Amino acid sequence: MSESLIIATRESPLALAQAHHVKAELESVVAGLSVSLLGMTTRGDQILDKPLAKVGGKGLFIKELEVALQEGRAQLAVHSLKDVPMVLPKGFTLAAILPREDARDAFVSSKYANLAAMPAGAIVGTSSLRRAAVLKRAFPTLRFEPVRGNVNTRLAKLDRGEFDALILAAAGLIRLGMADRIRDRIAVELSLPAPGQAALGIEIVADDEETAEIVAELDHAPTAIACTAERTVSRLLGGSCELPLGAYADWVDGDAPLRLRAFVANLDGSECVTAEAFGTPDAPEALGERVAELLKAQGADRIIASLS
């Protein structure tokens, strides 16, 4: 078995923190293993003056990392799972999904305690069409404006007064040691997370059996099962960052303990369809398929078509 591995990672503070976490986890479970990082800047990091949905989507964050894997300069790449396309390019696979952090969206503001406390016309920054759609629906008097850049860049814009609040993933702030910036953790019933939100995925070249065996040590079955159900919904509905879609699976008591909730909305949140179903851990794809069909039966396809 290999004694060393290289992780390809973006050079944003959050990506590096996540890669260092995976490095530490791998070195703790595989005796004698040495893991190093290959930092890279992706097109998604470089294009900051346009909404992500307009310049190619979240796949822009991983393409360069996949090239490094293909060329053998690295053996694995660490991604925020919500940024990973629902269908990977041929020759690549997700070899492990790590335990999920807090999947909720976070309200960040130095002025207000939560969204409900904000006055009409207050400006909320978010990079997510999903967040903007559902929160516009719940708080129609607020202004939701796009904000790009890494977490530190967004927080700096908030601190300069360009926004009255930001909506960010709680997990990212926690992993950066910035949990104290969170004023409110928004209930999933109000802002259903993106598929895979708060989970880390490890991507490798599909035929690299040696790396797959090592990385499998980190796979967390409950998170992987839940995220598989969520990502199935998104895949069947053509999910991308251009579509306001949320999907979140969690564990409940009962004979069908995997609960999956999902929604599809238009951009301003004026139309929104929701669905919920329960399934068993051995069939997360089937659960995702059932929820996707429930959404389609309520008009999800029509809403999606209206966005193009």
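Residues of segment 144-173 being in a loop (DSSP other than H, G, I, E, B) and touching a residue at least 60 places away in the same chain (Cβ under 8 Å), which ones? Please lay out each step first, then the result.
Restricting attention to segment 144-173, the residues satisfying the condition of being in a loop (DSSP other than H, G, I, E, B) are 147-150, 160-164.
Correct list: ARG148, GLY149, ASN150.
Only residues that are buried (at least 17 other Cβ atoms within 10 Å of the Cβ) and either modelled with pLDDT under 95 or of a type outside the set (Gly, Ala, Ser) (or both) were counted in segment 17-37, giving 9. The number of residues in segment 198-244 being over 25 Å from LEU69 (Cα atoms) and of a type in the set (D, E, K, R) comes to 2. Residue count for segment 66-95, restricted to those that are within 30 Å of ARG181 (Cα to Cα) and not hydroxyl-bearing (Ser, Thr, Tyr): 8.
Going by the conditions given, is ALA194 part of a loop (DSSP other than H, G, I, E, B), in contact with a helix residue (DSSP H, G or I) (Cβ under 9 Å, 6 or more places away or on another chain) and either crowded, with 18+ Cβ neighbours inside 10 Å or at pLDDT below 95 (or both)? Quick ask: steps written out before the conclusion?
Working: part of a loop (DSSP other than H, G, I, E, B): yes; in contact with a helix residue (DSSP H, G or I) (Cβ under 9 Å, 6 or more places away or on another chain): yes; either crowded, with 18+ Cβ neighbours inside 10 Å or at pLDDT below 95 (or both): yes.
Yes, satisfied.
Pairing each residue of segment 210-233 that is touching a residue at least 60 places away in the same chain (Cβ under 8 Å) with any residue that is among the polar types (S, T, N, Q) and buried (at least 16 other Cβ atoms within 10 Å of the Cβ), provided the two are 6+ apart or on different chains, yields C-beta distances under 7 Å for THR211/GLN75. Scanning segment 59-94 for residues that are part of a loop (DSSP other than H, G, I, E, B) and under 19 Å from LEU16 (Cβ atoms) returns ILE62, ARG73, ALA74, GLN75, VAL84.
Please determine whether any residue of segment 82-100 is at pLDDT below 90 and surrounded by fewer than 18 Cβ atoms within 10 Å (Cβ to Cβ). Break it down into steps so the answer makes sense when it comes.
First, pick out the residues of segment 82-100 that are at pLDDT below 90: none.
No - not one qualifying residue is present in segment 82-100.
Just to check your reading of the model, which residue among ALA256, ALA226 is crowded, with 23+ Cβ neighbours inside 10 Å and in contact with a strand residue (DSSP E or B) (Cβ under 6 Å, 6 or more places away or on another chain)? Only one candidate passes the filter, namely ALA226.
Which one is surrounded by the fewest Cβ atoms within 10 Å (Cβ to Cβ) among residues in segment 260-308 that are of a type in the set (A, V, I, L, M, F, W, C) and in a loop (DSSP other than H, G, I, E, B)? Break it down stepwise before answering.
Keep residues of segment 260-308 that are of a type in the set (A, V, I, L, M, F, W, C), which gives 260, 262-265, 267, 272-273, 275, 277-278, 283, 286-287, 291-292, 294-295, 297, 300, 303-305, 307.
Narrowing further to those that are in a loop (DSSP other than H, G, I, E, B): 267, 283, 307.
Details: LEU267: 17, ALA283: 16, LEU307: 14.
Only one residue fits best here, namely LEU307.
If you go through segment 200-225 and pick out every residue that is in contact with a helix residue (DSSP H, G or I) (Cβ under 7 Å, 6 or more places away or on another chain) and under 18 Å from GLU285 (Cα atoms), you end up with 2.
A single member of ALA187, ALA170 is closer than 26 Å to TYR248 by Cβ, touching a Lys or Arg at 6+ places or on another chain (Cβ under 8 Å) and buried (at least 23 other Cβ atoms within 10 Å of the Cβ), and it is ALA170.
Please verify whether segment 234-249 includes one or more residues that are touching a helix residue (DSSP H, G or I) at 6+ places or on another chain (Cβ under 9 Å), in contact (Cβ under 8 Å) with a residue 60 or more places away in the chain and within 28 Å of ILE6 (Cβ to Cβ). Can you show your working first?
The first filter runs over segment 234-249 and keeps only residues touching a helix residue (DSSP H, G or I) at 6+ places or on another chain (Cβ under 9 Å), leaving 234-249.
With in contact (Cβ under 8 Å) with a residue 60 or more places away in the chain added as a condition, the list becomes 234-235, 237-246, 248.
When the remaining residues are screened for being within 28 Å of ILE6 (Cβ to Cβ), the result is none.
Checked segment 234-249: no residue is touching a helix residue (DSSP H, G or I) at 6+ places or on another chain (Cβ under 9 Å), in contact (Cβ under 8 Å) with a residue 60 or more places away in the chain and within 28 Å of ILE6 (Cβ to Cβ).
Looking only at segment 207-257, residues that are assigned to a loop (DSSP other than H, G, I, E, B), under 14 Å from the mean Cα position of the chain (by Cα) and at pLDDT 95 or above come to 1 in all.
So that you can scan it fast, the table gives a plain yes or no per residue for (1) crowded, with 22+ Cβ neighbours inside 10 Å; (2) aromatic (Phe, Trp, Tyr):
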{"position": "PHE107", "(1), (2)": "yes, yes"}
{"position": "LYS111", "(1), (2)": "no, no"}
{"position": "MET118", "(1), (2)": "no, no"}
{"position": "SER128", "(1), (2)": "yes, no"}
{"position": "ALA132", "(1), (2)": "yes, no"}
{"position": "LEU142", "(1), (2)": "no, no"}
{"position": "GLU145", "(1), (2)": "no, no"}
{"position": "ASN150", "(1), (2)": "no, no"}
{"position": "THR153", "(1), (2)": "no, no"}
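The values are calculated or read from the model by the stated rules, or taken from the named source; none is laboratory data. Bear in mind the structure is a predicted one, so any value in this text is a computation, not a measurement. So basically every Cβ, Gly included, is an ideal-geometry build from the backbone, and we count neighbours across all protein chains shown.
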